[in-house]
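Taking it in order: structure first as structure tokens, then the write-up.
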Amino acid sequence: MSSARTEVQVRPGFESDLDALTDIYNHYVRETPITFDTAIFTPEERRPWLLSHPEDGPYRLMVATEGHSQRILGYATSSPYRAKPAYATSVETSVYVAPDAGRRGIGTLLYDALFKALADEDVHRAYAGIAQPNEASERLHTRFGFRYVGTYREVGRKFGRYWDVAWYEKDL
């Protein structure tokens, strides 16, 4: 394999990706504080989440696949920041990479595709909450122009302890 990056393709997510996307997310639910969900999901429980990310508009789902096998290596999303109408031009972004696919630039490829897809949308700001500590995620977000804006201290409890979340924002 000469270059891992050249063998990775990024495309919009499809309903047929649901099982693999659920498996990736459930890893983070079970093993890490990166998400504050505490119970794993069935694919059927995750279907409304997937369907809330169409191929156009401000709420996107981008999927990275292995070139030869089409195995899903990760995904990035832009989702509503808050439900109230005045927040409509703000999105919350996130990236999840398969546990065996780290350090290959997958997150960078996903965010690059996501922000290109959002370039023509009526979106003013992107926000990202990063459970602490997570230096890799902080580096990724900084690389894409996110600025640190503050930390919610001990805002989530998982695995019997409290976790801080650092918040970052990006002008779009």
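For region 76-120, the average shadow cast by the Cα convex hull is 3.6 nm², which is a quarter of the hull's surface.
Summed over the residues of region 2-81 and divided among them, the accessible surface reaches 49 Å² per residue at a probe radius of 1.4 Å. With the chain treated as a Gaussian network of Cα nodes joined by springs under 10 Å, which of Ser94, Ser52, Ser78 yields the largest mean-square fluctuation? Looking only at Ser94, Ser52, Ser78, the largest GNM fluctuation is found for Ser52. Taking a sphere under 12 Å around the Cβ of Val29 and counting the other residues whose Cβ falls inside, with K and R at +1 and D and E at -1, yields a net charge of -1.
Taking every C-alpha pair closer than 8 Å and separated by at least 6 residues, the mean separation divided by the residue count of region 92-149 gives a relative contact order of 40 percent. Taking the inverse of the mean reciprocal distance over all distinct Cα pairs, the Kirkwood hydrodynamic radius of region 85-164 comes to 14.4 Å. The loop-placed chymotrypsin sites (Phe, Trp or Tyr not before Pro) in region 28-69, going by DSSP, that have at most 16 neighbouring Cβ atoms within 10 Å of their Cβ come out as Phe36, Phe41.
Our summary gives region 1-124 a relative contact order of 26 percent, counting only alpha carbon pairs under 8 angstrom and 6 or more residues apart. For the chain, the fraction of 1.4 Å probe accessible surface lying on carbon and sulfur atoms is 50 percent.
Work through the residues other than Thr42 whose Cβ is under 12 Å from its Cβ and net out their charges, Lys, Arg +1 and Asp, Glu -1. Residues near Thr42 contribute -2 overall. Shown are His124, His27, whose ranking by accessible area with a 1.4 Å probe and every protein chain present, most to least, is His124, His27. Which percent, to the nearest 5, of DSSP beta bridges fully inside the chain are antiparallel? Antiparallel bridges: around 90 percent, rounded to the nearest 5. All other residues whose Cβ lies under 14 angstrom from that of Ala117 are scored, Lys and Arg at +1 and Asp and Glu at -1, for a net of -3.
Kirkwood Rh and Cα-based Rg: tell me the resulting Rg over Rh for region 14-130, rounded to two decimals. Result: Rg/Rh = 0.95.
Go ahead and set up a Gaussian network model of the chain, Cα springs under 10 Å, then flag whichever of Val29, Val63, Val91 fluctuates most. It is Val29.
The values are calculated or read from the model by the stated rules, or taken from the named source; none is laboratory data. Since the structure is predicted, the reported quantities are computational estimates derived from the model, not experimental observations. All Cβ positions, even for glycine, are placed from backbone atoms using ideal geometry, and neighbour counts span all protein chains on display. The accessibility values were calculated without ligands, DNA or RNA, using every heavy atom of the protein model including side chains. Shrake-Rupley method; radii C 1.70, N 1.55, O 1.52, S 1.80 Å.
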